[in-house]
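Input: a single structure, listed below in structure tokens.
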Amino acid sequence: MEYIFYSPTRIIFGEGTLKRVGEEAGKFGKRALIVTGKSSSKKSGSLDEVVNLLATHKLEVEVFDKVEPDPSAETVHEGAKVAKRFKPDVIVGLGGGSPMDAGKAIAMLVTNKGEIGNYFGTDKVKEQALPIIAIPTTAGTGSEVTKYAVITDKKNMLKQLIGSSHICPSLAILDPVLTLSMPASVTAHTGMDALSHAIEGYVCTQASPVTDILAIEAIRLIAEALPRAISEPQNLRIREKMLFASMLAGMVISSAGAGIIHGMGYSISLYYGAPHGLANALLMPQVMEFNLVASPTKFRNIAQAMGKKVEGLSDKEAARLSAVAVRELSKKMGIPRGLKEIGVKEESLSGFANTVSENVRILTLNPRRPTTKDIEEIYRKSM
Ligand code: NAP
Ligand code: FE
């Protein structure tokens, strides 16, 4: 079997490691642009802490704090303008996937000409982006170790993927303390996003023996830790497990790719404003049921990693339990039962299915190739 695994990001992991940001940023130069969200990093104090640590190490600092959830091309352009004026040596992405992705896209636009739209797709980026330090405050996207930035293209109403090794962060600082401030809903949604990365990456057509090991461990950890991250939000050991698992799952999708859970979820976020992880959570069990036949043994392993007893069961029976386990996990955390509950209307579904059908990359990665009708059917079952 032939495969490529690529994970070039240096990782500093552990309680209190945020302290290292000044010294580490200093290795890249004298000027740092922090890219962050509109409020959570201010409220939690993490933004002030990063600014102070950078200043202590004699860096000149500018803050771009206008990143909204599911960042738009417009926001990225605005940030790129700031970056071109300020001329940073390093970009620090502080926040959930949205600020980290925006930071990656801004770092890329400083060294590559033109508009962000030129780079939507895979391997379109020509020049290495500015150095990026990614500091996650959610345990979800794994963006701190991936080669992706997901940008909302309002003109075409699409969530666009930029996939390029030139935008992998140079350094990821994973300090679980930063995730303690997540409210239950953000914890649940982002945790289910991480689970969807591990599951989609584990079964997708580009999975490899390396990503398989990372994925199955991420699935096991998330099934165990995620409900406790909700019931014991201040338990740092549990937050640490979730942050570790989401990082592993990020490594998985960066090399293996994802599948139609992601492809289908994008429209739900775009048209109905559902957080990325929530959209994925609502679609996940039904997509898994569709995909089971392509790889019953792998779905059996997922069921087992999620704590289901599979001894004595046929692969087919055991595989079904993986979707059951995901439903139970969602239910435990109070995630709605279906798309209807978050306001999705039947009449949207066929258009959404057409959009997914045009995403050839996602269809090829998915373990079972769905027709447009299949996709529409999965949406209906998820209502
Ligand atoms: P997010 O959009 O970054 O943040 C969601 C919400 O949580 C925001 O309101 C944010 O507030 C808040 N928040 C973040 N950290 C917090 C904390 N520690 N305490 C309290 N509130 C906090 O959510 P995300 O799920 O991490 O990222 C989603 C985006 O990443 C989507 O666009 C998705 O498509 C993308 N994604 C990227 C990859 C990749 O590989 N690059 C993979 C999967 C998903 P503020 O806005 O005020 O900060
Ligand atoms: Fe995701």
Unmet requirement for Ser46, which otherwise passes all of (1) in contact with a helix residue (DSSP H, G or I) (Cβ under 7 Å, 6 or more places away or on another chain); (2) open to solvent by 10 Å² or more (accessible area, probe 1.4 Å)
(2)
Checking Val61 against (1) surrounded by 17 or more Cβ atoms within 10 Å (Cβ to Cβ); (2) more than 16 Å from ligand 1 (Cβ to nearest atom); (3) under 14 Å from Ile135 (Cα atoms), which single condition isn't satisfied?
(3)
Identify, by number, the condition in (1) open to solvent by less than 10 Å² (accessible area, probe 1.4 Å); (2) within 13 Å of ligand 1 (Cβ to nearest atom); (3) not small (Gly, Ala, Ser) that Pro233 doesn't meet.
(1)
Of Ala188, Ala134, Ala139, Ala129, the only residue that is within 16 Å of ligand 2 (Cβ to nearest atom), in contact with a helix residue (DSSP H, G or I) (Cβ under 7 Å, 6 or more places away or on another chain), in a loop (DSSP other than H, G, I, E, B) and not basic (Lys, Arg) is Ala139
Looking only at region 229-265, which residues are touching a Phe, Trp or Tyr at 6+ places or on another chain (Cβ under 7 Å) and either basic (Lys, Arg) or under 30 Å from Ser350 (Cβ atoms) (or both)?
Met264
Given Leu283, Leu243, Leu236, Leu278, which one is farther than 30 Å from Met1 by Cα, at pLDDT 95 or above and touching a strand residue (DSSP E or B) at 6+ places or on another chain (Cβ under 6 Å)?
Leu243
Condition check: of a type in the set (Gly, Ala, Ser), over 24 Å from Phe86 (Cα atoms) and open to solvent by less than 40 Å² (accessible area, probe 1.4 Å). Does Ser143 satisfy that?
yes
Take Lys66 and decide whether it is more than 20 Å from the chain's Cα centre (by Cα), within 24 Å of Ala139 (Cα to Cα) and away from ligand 2 (no atom under 16 Å from the Cβ).
no
Options Val252, Val344, Val287, Val293; residue that is among the hydrophobic types (A, V, I, L, M, F, W, C) and under 20 Å from Ala225 (Cβ atoms)
Val252
Is there any pair linking a residue in region 50-62 that is within 8 Å of Gly26 (Cβ to Cβ) to one that is in a loop (DSSP other than H, G, I, E, B) and open to solvent by 30 Å² or more (accessible area, probe 1.4 Å), with Cβ under 9 Å and at least six apart or on different chains, and which?
Lys58/Lys30; Leu59/Lys30; Leu59/Asp89
Reported set for region 153-197 where residues are within 7 Å of ligand 1 (Cβ to nearest atom), open to solvent by 10 Å² or more (accessible area, probe 1.4 Å) and of a type outside the set (A, V, I, L, M, F, W, C) is Lys159, Ser181, Pro183, His189, Thr190
Screening Ala274, Ala225 for residues that are touching a helix residue (DSSP H, G or I) at 6+ places or on another chain (Cβ under 8 Å), assigned to a loop (DSSP other than H, G, I, E, B) and surrounded by fewer than 24 Cβ atoms within 10 Å (Cβ to Cβ) leaves only Ala274
Pairs, please: C-beta under 8 Å, at least 6 apart or cross-chain, first residue under 12 Å from Ala198 (Cα atoms) and in region 253-267, second within 10 Å of ligand 2 (Cβ to nearest atom) and outside any helix (DSSP H, G or I)?
Ile253/Gly142; Ile253/Thr146; Ile253/Tyr148; Ser254/Gly142; Ser254/Thr146; Ser254/Tyr148
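The values are calculated or read from the model by the stated rules, or taken from the named source; none is laboratory data. All figures in this text were calculated on a predicted structure; none of them were measured in a lab. All Cβ positions, even for glycine, are placed from backbone atoms using ideal geometry, and neighbour counts span all protein chains on display. Remember, those area values only see protein heavy atoms, side chains included, never the ligands or the DNA or RNA. Shrake-Rupley method; radii C 1.70, N 1.55, O 1.52, S 1.80 Å.
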